[in-house]
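For reference, the structure discussed in these notes is given below.
The values are calculated or read from the model by the stated rules, or taken from the named source; none is laboratory data. Small disclaimer: the values here were computed from a predicted structure and weren't measured. Note: ideal-geometry Cβ built from the backbone for every residue, glycine included; neighbour counts use all protein chains shown. For the accessible areas, the whole protein counts, side chains as well, though only heavy atoms, and no ligand, DNA or RNA atoms are used. Shrake-Rupley method; radii C 1.70, N 1.55, O 1.52, S 1.80 Å.
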Amino acid sequence: MARTPAEPAGAQPGSPFEITFDGRRITARPGQSVAAALWAAGILAWRTTRGTGRPRGAFCGIGQCYDCLATINARPNRRACLVPAHPGDAITTQEGHGHDTLAV
Ligand code: FES
């Protein structure tokens with residue numbers, strides 16, 4: 001059985017909860033960022049670039065590169081590596097600059 005980072009630290013995390021990614025149910029844990037929850041579910045990309053539509057996910061993991069932008073609960077351009085996951089969060093793939101519905 002694989003060890004988790006919680007074991008050596010003696011952490012006792014709270015109960016897991018459910019969030020969704022593009023309608024798919026995934027599990028998150030208290031204190032986990034949205035990016036960490038997506039990674040744990042095997043999801044590595046949740047945004048496409050403006051110009052060429054190339055896939056992007058987390059790169060730096062510390063809020064500096066903005067590669068991890070996602071639409072979280074209908075708000076675009078949230079840095080998934082910094083936003084804590086909360087029960088019931090709805091994460092959706094962000095296309096381009098995230099404001100396509102504004103026609104700008
Ligand atoms: S991964 Fe770089 S800002 Fe989130």
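Of all the listed residues (41, 37), the sole one being in contact with a strand residue (DSSP E or B) (Cβ under 8 Å, 6 or more places away or on another chain), of a type in the set (Gly, Ala, Ser), more than 24 Å from residue 99 (Cβ to Cβ) and surrounded by fewer than 18 Cβ atoms within 10 Å (Cβ to Cβ) is 41.
Can you say whether residue 49 is within 15 Å of the ligand (Cβ to nearest atom), open to solvent by less than 40 Å² (accessible area, probe 1.4 Å), among the polar types (S, T, N, Q) and within 10 Å of the chain's Cα centre (by Cα), as far as the supplied structure shows? No, not satisfied.
For region 52-72, a residue qualifies if it is open to solvent by 80 Å² or more (accessible area, probe 1.4 Å) and over 25 Å from residue 11 (Cα atoms), and the qualifying residues are 52, 54, 55, 59, 64, 66.
Taken over region 52-104, the criterion of being under 13 Å from the mean Cα position of the chain (by Cα), at negative phi, of a type in the set (Ser, Thr, Tyr) and outside any strand (DSSP E or B) is satisfied by 93 alone.
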